[in-house]
Every structure is written in structure tokens, then in C-alpha cells.
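Okay, so here's the structure we're looking at.
The values are calculated or read from the model by the stated rules, or taken from the named source; none is laboratory data. Only a predicted model underlies this, so the values are computations on that prediction, with no experimental measurement involved. For neighbour counting, all protein chains shown are included, and Cβ atoms are generated from backbone atoms with ideal geometry for every residue, glycine included.
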Amino acid sequence: MERDGFPHVAKLKDGSSVEISLASAADGPALLDFYRSLSDEDRLVLKDDVTTPGWLARFLAKLEAGAATSLVARADGRICGEATLHRNLHGWSRHVGEIRLSVASDRRGKGLGYALAAGVVKLAIDLGLEKMVAYFVESQSAARKTFERLGFRKEAELARQVADIRGAKRNLLIYANDVSHIWTAMEALVEDYRPHEGQ
Amino acid sequence: MARTEIRVGGLGGQGIILCGSIIGKAAAIYSGRHAALIQAFGPEARGSACSAQVIVADEAIGYPYVRRPDILVLLSQDAFVQFAPQLKPDGLVLYENELVQPEGKLPATARALGIPATRFAEELGRRLVLNIVMAGFFTGATNLLSIDAVEKAVLDSVPRGTESLNLKALMKGYEYGRALVAPT
């Protein structure tokens, strides 16, 4: 069933196509396969150990509760990329969503990351969120460029926050995209005070 | 000559004027009919009484004010108290059922249909789209305008980037309204 414009087919720079769809519980086993196929180095920059059934159960519970919304990209019958919008349904940051993105190594540099991230940014705006954040290790320049194209800018840098696979300490960059202006315009529209009209 | 008089009433900051404007635009621009909109608001922008008078007609509108509304769209109790006695005997009241208690004041033969529009808007992500849920409810419950025309009016009226959520709000209200008036 189509929802929020998904599923849709995205054409990549190399001419190949992937189908991007909203993730559901049925995607669980394929998601685990995807994450287990990533290299140790790739997995190091992820916040969770995404190779365990326990992680999958927590992830699916978040999807069910609406605390996460995820897009998966499929090609040749397997998942080759995933982007998730995580959000707090309660508390002082409920207007903020965090975006996490992973793309299979053989699909990188072809625009898949951008397609997934753009889809999640749209979902975030559609959910009424005002701000999105994404975390990067300083070495993830391609990923940062992808998010910069979507309006994200570096908002903070935490020194020596990340230990890489060899134990070297790296800086963590926090990128943010504030889209509150979109809703400011809507707020102005519902103010119900238009003294300029009819003049 | 078919002439439908509509009063949208509530409080400033609820998007009353926008709701009325969408109904008028859908009629005049996207349905080839005639429409007139008169807006009234209190001295403050937020929280004061606010209402829109909308006329939808098949012919040119000579008198643009609502005298006896056929349809009331109400988002506050004060608006209900003020406008309910003006409703035509066989008129229709569409009200936000967490903000309005439609007790007394209505003609005995009038119909009243409620919708939890605030809750729907909050569930969709923004309380701000409450008025669009009501525009959808109006469309589904009255059959006065096509949903296509109202959808175009919404897209024409809301800021860029908010279209998708506003359309979801419109459809939420529309489907709720359709379900309420569907023959059982």
C-alpha cells in the first residue's frame, strides 16, 4: 500500500534503480542481514550494535510506537540502504528528530544516501518536526556533504568523542537542519488577524 | 438560485479565516461557482473571538453577508453561543467536539456533527492544522464542494513545505465527515 509517497523507485547515478519503501516488521530479518553485511569499520560509527536480535526487537518496537520511521532501499532482492528518523514522543526535544543513515559499500557514491536522507527529511517535515540532527565522525566527509545538500549545517563538535576501530580518538560532529521557519509561516497564516486585507 | 451561507467561528489563532478562505477558494476558483468572504476579529490577534462569513452561490452574490447560516463550523463555545441561534431550522452545525458542547440554542430540526479535530491534528504532528481538519470535515459532511477542489485550495493556501501534513489533515477530516453522513 502506498503511504507518504512510498514505495517509489529511485534512479541512481550509475543508471541502476532501487525501490525505497517504508520499513515494517516484515523487513526485520532482511535488515539484520543488511547490517551484518557491513564491515566492522562501518558498524563502528553506528550508535547501536545493529547485528543482534535484541536490537532488532527494540527497533521494531520503536517503529510500532511511532518513535522511529524508517526507509529501506532494496535492489536485487536485498536491502542495500536504510535511513531512520528517531524522535522523542515526549519531553523537551519532541520537536527534534535524529536521522541515521547506512548504505551498503557497493552502492555508495551513486546518490542512494541522498535519496534516502531526502526521503527521511520529508517525512520529518510531514510529521511537523522543527529540527533534525545527524551525527558524524569527522572522517565521514561524503555523508556530511550529502546532508549539507539537504540544508544541514555543523552546529557542534565534540573533541575526541569517538574511538575508531584502531582506538584512535576522533571528533564527533553534530549537524542540524532547522526547518522551523516552515511552521512559522503556517503559524502566521492561522493568526486570524489580517488588517492589510481588503485595503 | 442555490446560495449557501456558512459561518466559521472560533478564536483568533485557530485559523478560522484560513478555513473560510479555503472553502471560498475551493468554490470560486476550483469549482467555477461564486463565493464571498467577510472576516471579523477582535482587537487582539490571539484568543479573541474571530469569525468568517462565507457565501457559496451558483450566481453572482449581491449581498455578501450571512443572514441565516445554513452551515456553522464552530471551534469555540463562545462561537456556538453566539451563532447557534442564527442557524436555519434545517441547518447543520459542524463542531470541534472537545471545544464545543452543543447544548441548547439549536433549532430542533437542525443537525449537529462533532469531530475531535484538535486530537486529530495533534496526532498528525501539529495542532496548527486543526482548521484544515475542520475544512476536510466540512467537505466530507456537507457534499457542497468536491474534495479535489478543496485539496487544490489547500495547496494554494498553505506555505511551502507544509503541504503534505496539511493534506493529511484535510483527508483525516474528510474521511471522518464522510463516515458520519454515510447511510447505515
(request) Within segment B:95-130, count every residue that is surrounded by 22 or more Cβ atoms within 10 Å (Cβ to Cβ) and free of Cβ contacts under 8 Å to residues at least 24 places away in the same chain. (result) 1
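Does residue A:172 meet the test of being within 14 Å of chain B (Cβ to nearest Cβ) and either surrounded by 12 or more Cβ atoms within 10 Å (Cβ to Cβ) or under 28 Å from residue B:14 (Cβ atoms) (or both)? Give the derivation first.
On the way: within 14 Å of chain B (Cβ to nearest Cβ): no; either surrounded by 12 or more Cβ atoms within 10 Å (Cβ to Cβ) or under 28 Å from residue B:14 (Cβ atoms) (or both): yes.
Here the answer is no, as residue A:172 does not meet what is asked.
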(message) Give me the residue from segment B:85-109 that is modelled with pLDDT of 95 or more and of a type in the set (A, V, I, L, M, F, W, C) and, out of that set, nearest to the chain's Cα centre (by Cα).
(response) B:94
(request) Starting from residues that are part of a loop (DSSP other than H, G, I, E, B) and not hydroxyl-bearing (Ser, Thr, Tyr), keep the ones in segment B:157-184 and report whichever is modelled with the lowest pLDDT. (result) B:183
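Scanning segment B:155-173 for residues that are of a type outside the set (Lys, Arg) and surrounded by 22 or more Cβ atoms within 10 Å (Cβ to Cβ), which turns out farthest from residue A:183 (Cα to Cα)?
Across segment B:155-173, the extreme among qualifying residues is B:173.
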